[in-house]
Structure formats: C-alpha cells, structure tokens
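These notes are about the structure you will find just below.
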Amino acid sequence: MDRPESPDPLAGSTRDFLTRPEPDLAAKAVAFSRWHDARIGFGGFPYAKRLTGAPTPRAALRLLDGSLQEGLNFSSQDYLGLASHPAVKAAACAAVGCYGVHSAGSSALAGEMDLAGPVAAGLGELLRMPHVTLFPTGWAAGYGVVRGLVRETDHVVIDLLAHNCLMEGALAATRKVVPFLHLDVAHARQKLAGIREREPQAGILLVTESLFSMDADTPRIAAFQDLADEFGARLLVDVAHDLGCLGETGGGQLERQGCLGRVDLVIGSFSKTFASNGGFVGCRDRAVHDYLRYFAPPNTFSNALGPVQLAVVAETLRIVRAEEGGVRRTALLRAVHALRGGLVAHGVKVLGAAAPIVPTYIGSAAAGRRAVKLCGERGVLVNLVEFPAVARNASRFRLQVMATHTPEECEMAARVVAGALEEAQAAEAPGEPSAA
Ligand SMILES: Cc1ncc(COP(=O)(O)O)c(C=O)c1O
C-alpha cells in the first residue's frame with residue numbers, strides 16, 4: 001500500500017485540525033500528529049520548547065527533536081528579570097521552611113495561606129483598588145471573573161483581540177458575546193447602544209486589555225470606562241502584560257493614563273513580571289469580591305496558590321514598589337528601545353509602542369517558520385506567533401524583553417532577526433528583491 005505523502009511543513013495551520021467529521025474523536029489528533037511530525041522534521045520547531053535552566057537573557061532550549069538551541073533569550077516572560085533575583089529565591093526557600101510546598105485546598109475552602117492577605121493588600125495598593133481576589137493562574141482569573149459574573153441573559157461586549165481566557169469565559173457564560181473592532185471606542189459604543197435599545201434590563205460586561213501582547217498597543221482606558229458608565233455596563237481590563245513593569249510606580253498603563261482605581265474590574269497575571277504562576281481580580285465592590293470567591297469556578301474547584309508562589313509574589317511585589325522597581329523599569333525600557341531601534345534600523349517592521357513585548361511583523365506562515373529556524377541556529381531565541389493566534393498571513397515574532405538584557409544584546413539580536421527575516425523572505429519569492 002502507498003504511504004500517504006508527508007504534509008508540507010511550511011503550509012497549513014492548527015485550525016485545519018480543529019474539527020474532522022469522523023466518528024472517532026481521535027481522528028483529528030492523528031491527522032494533526034502527522035503535520036506536527038512534518039514540522040518537527042523541518043527543524044527549528046518553535047513550540048513546546050523546554051528551558052534547560054533559569055529564564056535569563058542567555059539560555060538554552062531543548063527542542064522537540066532533541067536538539068539544543070543556545071543564545072540570547074527573547075522567548076521568556078520575566079519582564080523585570082526577577083525570576084533569578086537572590087531576594088526572591090530566598091523568599092521562596094523561606095516559605096518552604098515555614099509552610100511546606102502545597103496549598104492543599106481551594107481558596108473557597110481551607111487552601112488559602114495567610115501569606116495571601118499581604119499579597120492581596122499590596123496588589124490593592126498598587127492598583128488603588130480596595131479588594132483583590134487571588135486565582136491559581138492568570139488564565140483562571142480571566143475565565144473565572146467572566147464566568148463568575150455573567151449569566152446567559154447577559155452580554156459580553158469584548159475587543160476582538162482579547163485574550164483567550166476572557167473569550168473562553170464569555171463563550172462559556174452566554175451566547176450573547178459581541179466583539180467590537182480592536183481598540184475602537186466608537187464601535188464598542190455602537191454595540192452597547194444597540195443592546196441597551198433592545199434589552200434595557202440586560203447585564204453587560206465590557207472587556208478590553210491595557211496592553212495587547214500580539215500588537216503591543218493600548219486602548220484609551222478612560223474612554224472605555226466612561227462608555228461603561230454611560231450604558232450601565234461594567235468594565236473589565238486585563239493588565240497582565242504591563243502591571244509592575246510599566247508606569248512610574250509600576251501601575252502600568254492604568255497609571256500612565258491616570259486610571260488607577262477608576263475602572264470597575266481588573267484582572268492580571270503574575271506570570272510576566274511577578275515571577276510566578278498565579279493571577280488576580282481587583283474590584284471596587286466588596287460584594288463582587290466576596291461573590292467571586294464562591295462563584296468563579298477556578299476558585300471553588302481548583303487549588304489555591306501554593307506557599308512558594310505567594311512568597312515569590314510578595315517579594316517581587318515589594319521590589320516592584322521599591323526604588324529598585326523603578327531602576328528595573330528604566331533598564332527594561334532602555335533595552336526595549338535598543339531592540340526596537342535596532343530592528344527598525346535594519347528595515348524590520350515593528351508593531352505597536354515601546355513595551356516588554358516587541359512584535360516583529362513577518363507575514364506568511366512559511367517565512368515565519370523559516371525565519372524562526374534561522375534565528376535559533378544563529379543564537380537568538382524568539383517566539384513565533386502564527387494564524388490562528390493572529391490573522392492569516394500576519395505571522396510575527398514576539399520578542400520578550402527583560403530588564404536584564406543589555407542594549408548591546410538587543411542590538412545584536414536585532415541584527416540576527418533582520419538577517420533571518422531577509423533570508424526567509426527571499427526564499428519565499430526567488431528572484432524578487434526581499435523586503436525584510
Ligand atoms: C492578556 C493575558 N491575560 C491572561 C493571561 C494568562 O495568564 P497566566 O499565564 O498567568 O495564566 C495571559 C498569558 O498568556 C495574557 O497574555
């Protein structure tokens with residue numbers, strides 16, 4: 001019998017394997033597995049990589065084919081470089097001595113440790129919000145707050161590019177999920193006005209992010225809160241990528257836009273700046289805070305943050321709010337400007353504004369797959385984002401900068417990335433001038 005041809009590793013996307021009209025549920029997985037193997041065989045497969053040490057500016061990653069890529073690391077999220085900070089590591093060790101290693105219960109029962117109190121209070125001060133609920137992960141916080149508050153008669157009016165946790169929460173809670181064009185206040189207003197006209201009594205959650213990670217762009221947050229107030233909706237803002245690492249005192253885009261303490265609900269993650277798994281929801285109403293503890297499913301049906309996670313967040317939060325936090329934020333922005341400047345100087349299209357994520361536009365999936373392989377071989381470790389995480393033919397690198405990257409390292413990385421993109425794009429269209 002003829003063996004079926006191996007799939008083209010430069011074509012297709014995960015979307016092709018989402019559904020398959022066969023009675024065996026595993027059929028789609030079998031088809032996916034062949035494509036996945038073909039992509040691994042191509043080399044430089046950019047997903048499911050494993051770090052061999054700490055997420056520092058120089059690191060080594062083990063790829064699924066067993067090979068090792070070593071070099072400048074722009075693929076880890078540790079924006080202020082706190083994951084290897086001596087005081088943070090010491091706090092983690094001390095917590096093990098005191099509390100052991102496990103939370104042993106959900107926060108709705110007896111799993112939350114008393115370390116959670118100061119963590120929630122410190123976050124509340126940073127956000128200028130009186131109430132903070134902790135969650136096992138940022139994803140769980142996003143999913144949990146939407147699923148916890150919204151019922152099937154309610155509407156979720158949500159930025160088209162909002163994070164998966166928010167979208168999944170919305171889709172699980174109601175069929176009335178209404179996307180608006182990315183960052184577009186006027187379009188959101190149109191949606192809210194339409195809902196209010198048809199259903200004056202419906203509950204509405206308006207959802208956006210303070211820094212969108214695929215595009216490094218930011219909405220006008222006060223305009224969204226005004227809109228929510230005008231239409232009797234509640235605004236939820238996801239601050240996962242900027243809280244702690246941007247803003248004069250670490251208050252992120254909320255602080256930069258004078259919105260600290262002004263929005264109804266805030267969700268965030270510890271996994272980008274606070275060196276730990278975990279997430280939180282900040283709110284202005286004590287009633288909502290109490291309600292979420294019991295009605296947000298991840299808080300009732302999943303274990304609370306463990307002692308090491310809480311101790312790490314307590315210590316990183318202390319650093320973020322101390323003078324050292326400001327010094328690290330300045331170093332982060334210096335590195336970001338060096339990287340963005342270097343990329344632009346080499347003719348690379350960089351999206352958005354200065355932030356710890358530097359999205360570098362590529363275009364076709366094939367060019368992205370070739371370029372990420374070349375970068376890894378040349379000692380620059382980056383993440384590739386492809387359709388359906390972004391629009392079709394809008395592949396990009398997502399370079400994640402740390403305060404501990406030097407400007408020289410950023411300039412070196414920019415040179416390598418630009419060269420790899422130029423070669424990959426030239427391979428796309430032989431004979432035509434390349435447009436890196
Ligand atoms: C905007 C946004 N919200 C929430 C999350 C989820 O955070 P966590 O990694 O802590 O689950 C992420 C992480 O990818 C994110 O980018």
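Between Gly279, Gly122, Gly194, the residue with the greatest mean-square fluctuation in the GNM of the chain (Cα pairs under 10 Å linked by springs) is Gly194. Rank Leu109, Leu25, Leu72 by mean-square fluctuation in a GNM of the chain with C-alpha springs under 10 angstrom and give only the top-ranked residue. Looking only at Leu109, Leu25, Leu72, the largest GNM fluctuation is found for Leu25.
Angle, helix 307-321 long axis vs. longest principal axis of the chain, Cα atoms, 0 to 90°, nearest 10? Taking the Cα atoms of the chain, the angle to 307-321 is about 90 degrees.
Distance cut-off 25 Å, Cα to Cα: go down the list Lys349/Lys373; Lys28/Lys373; Lys191/Lys349; Lys28/Lys349 and report the pairs above it.
Numbers: Lys349/Lys373 19 Å; Lys28/Lys373 27 Å; Lys191/Lys349 33 Å; Lys28/Lys349 36 Å.
Check vs 25 Å cut-off fails for Lys28/Lys373; Lys191/Lys349; Lys28/Lys349.
Each peptide in 216-228, 238-250 was scored by the mean count of other Cβ atoms within 10 Å over its residues; highest first, the order is 238-250, 216-228.
State in Å² the accessible area per residue of region 286-328; use a 1.4 Å probe, count heavy atoms of protein chains only, and round to the nearest integer.
Values: 2010 Å² over 43 residues.
Accessible area per residue: 47 Å².
Taking Cα atoms only, the orientation of helix 116-127 departs from the longest principal axis of the chain by about 80 degrees.
To the nearest 10, the accessible area of Arg34 is 90 Å² with a 1.4 Å probe.
Looking at region 141-218, what % of its DSSP beta bridges pair antiparallel, to the nearest 5?
Once the DSSP bridges in region 141-218 are tallied, antiparallel ones form about 10 percent.
Each listed q (0.12, 0.13 Å⁻¹) maps to a log10 I(q)/I(0) for the chain, found by the Debye formula over equal Cα scatterers with no solvent: -1.08, -1.24. Each Lys and Arg adds +1 at its Cβ and each Asp and Glu adds -1 at its Cβ; summed about the Cα centre, the chain shows a dipole of about 160 debye.
If you count the DSSP beta bridges with both ends in region 86-321, what percent of them are antiparallel, to the nearest 5?
Working: 12 of 28 bridges.
The antiparallel fraction comes to roughly 45 percent.
What is the distance in Å between the Cα centres of region 297-320 and region 408-430? A separation of 39 Å, based on Cα centres. Could you point to the residue in Ala54, Gly251, Ala403 farthest towards the positive end of the chain's charge dipole, with +1 and -1 charges on the Cβ of Lys/Arg and Asp/Glu respectively? It is Ala54, whose Cα lies furthest towards the positive end. Carbon-plus-sulfur accessible fraction, region 195-251 (probe radius 1.4 Å, protein heavy atoms only): 45%.
When DSSP beta bridges are restricted to pairs lying wholly in the chain, around 60% turn out antiparallel. Label-to-label distance for Ala222 and Leu181 is 2.4 nm, based on points extended 7 Å past Cα in the beta-carbon direction. I want to make sure I understand the PRE zone here: with the label point 7 angstrom from the Cα of His102 toward its beta carbon, which residues in region 291-321 have backbone N atoms less than 19 Å away? Once the point is set 7 Å along Cα→Cβ of His102, 300-311 turn out to lie under 19 Å by backbone N, inside region 291-321. Helix 407-428 and the longest principal axis of the C-alpha atoms of the chain enclose an angle of approximately 60°. The solvent-accessible area of Tyr361, taken with every protein chain present and a 1.4 Å probe, is close to 60 Å².
Dipole magnitude of region 158-310 about its Cα centre, charges +1 at Lys/Arg Cβ and -1 at Asp/Glu Cβ only, in debye to the nearest 20?
Dipole about the Cα centre, nearest 20: 360 debye.
Here the spin labels are modelled as points 7 Å beyond Cα on the Cα-Cβ line, and at Ala60 and Ala121 they lie 4.5 nm apart.
Take every Cα-Cα distance within region 1-132, group them into 5 Å bins from 0 onward, and report for each bin the whole-number percent of pairs it holds. The distribution over region 1-132 is 2, 8, 10, 11, 11, 12, 10, 11, 11, 9, 3, 1, 1, 0, given as percents.
So for each of 156-162, 306-312, 16-22 I average, over its residues, the number of other beta carbons within 10 Å; can you give me the resulting order with the highest mean first?
Details: 156-162: 22.6, 306-312: 25.0, 16-22: 11.9.
Averaged packing, sorted descending, gives the order 306-312, 156-162, 16-22.
Working from Cα pairs under 8 Å separated by at least six residues, relative contact order for the chain is 21 percent. Counted residue by residue at 0.36 nm each, then reduced by the alpha carbon distance between them, the extension gain from Arg392 to Ala202 reaches 64.9 nm.
The values are calculated or read from the model by the stated rules, or taken from the named source; none is laboratory data. For clarity, every value in this text was computed on a predicted model and none was experimentally measured. Because the Cβ atoms are built from the backbone with ideal geometry, glycine has one as well, and the counts that use them run over all protein chains shown. To get the accessible areas, we keep the full protein, side chains included, count just its heavy atoms, and leave off ligands, DNA and RNA. Shrake-Rupley method; radii C 1.70, N 1.55, O 1.52, S 1.80 Å.
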